[in-house]
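Have a look at the structure below before the remarks.
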Amino acid sequence: MSSDEGETVHRGSYLLYPDDVSSDTMWPKDTDLAVLVLNEPIPQHNHELFSSMWERATHRICIDGGANQLYDFARSLIPHAIVGDLDSLLPHVKSYYKDRNCVVQKYDDQDSTDFMKGLAYLDSKLEHQSNNCVTVVFGGLGGR
């Protein structure tokens, strides 16, 4: 499928068009939304989409160096938590978010990826909730 701008756009259950974000059918009121940010740059052309989802999210989690990416994208957006082994988290970014009451959770386990640690952290937050949760991951389709 092609967009009006000539670039190819793929639509699947894991990718959304920006106009779908605020739809009540896409985000029912009894469904939580979790946004996880991995260590990939967030394109500025996605600013409206990302910011809308971030604002709607019940759970905002940066996975290790994903906090660096969020910091570079928009410093005004503060995650609820930064999780992982924290080997990629820059010291000034860590301080910035800690000063703004962000939880920084280090996991020393090297038998799982930082993404797996982030999902485990999210799961621990959801285990006593009755709402369903849709999880959206930014930065999961590129990089290393």
query: Does any residue in region 126-144 that is within 15 Å of His59 (Cβ to Cβ) come within less than 6 Å, Cβ to Cβ, of a residue that is at pLDDT 85 or above and among the small types (Gly, Ala, Ser) six or more places away or on a different chain, and which pairs are these?
result: Cys133/Ala34; Thr135/Ala34
- prompt: Is it true that some residue in region 54-64 is of a type in the set (Lys, Arg), at pLDDT 95 or above and either surrounded by fewer than 13 Cβ atoms within 10 Å (Cβ to Cβ) or over 19 Å from Phe138 (Cα atoms) (or both)?
  reply: no
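Select from region 27-66 the residues that are β-branched (Val, Ile, Thr), more than 19 Å from Val93 (Cβ to Cβ) and part of a strand (DSSP E or B) and list them in ascending order. Let's see the steps before the verdict.
Taking region 27-66 first, the residues β-branched (Val, Ile, Thr) are 31, 35, 37, 42, 58, 61, 63.
Filter again for more than 19 Å from Val93 (Cβ to Cβ), leaving 31, 58.
Answer for region 27-66, where residues must be β-branched (Val, Ile, Thr), more than 19 Å from Val93 (Cβ to Cβ) and part of a strand (DSSP E or B): just Thr31.
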message: Restricting to region 65-113, give me the number of residues that are open to solvent by less than 20 Å² (accessible area, probe 1.4 Å) and among the polar types (S, T, N, Q).
response: 1
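Considering region 92-131 alone, what residues qualify as being assigned to a loop (DSSP other than H, G, I, E, B) and among the basic types (Lys, Arg)? Outline the logic, then answer.
Step one: filter region 92-131 for residues assigned to a loop (DSSP other than H, G, I, E, B), giving 99-102, 107-113, 127-131.
The answer is Arg100, and nothing else.
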- request: Hey, can you tell me all the residues within region 70-91 that are assigned to a helix (DSSP H, G or I) and in contact with a strand residue (DSSP E or B) (Cβ under 6 Å, 6 or more places away or on another chain)?
  value: Leu70
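The values are calculated or read from the model by the stated rules, or taken from the named source; none is laboratory data. Keep in mind the model is a prediction, meaning the values are calculated, not measured. Quick reminder, even Gly has a Cβ in these numbers, built from the backbone with ideal geometry, and neighbours come from all protein chains shown. Side chains are part of the model used for accessible areas, which takes the heavy atoms of the whole protein and leaves out ligands, DNA and RNA. Shrake-Rupley method; radii C 1.70, N 1.55, O 1.52, S 1.80 Å.
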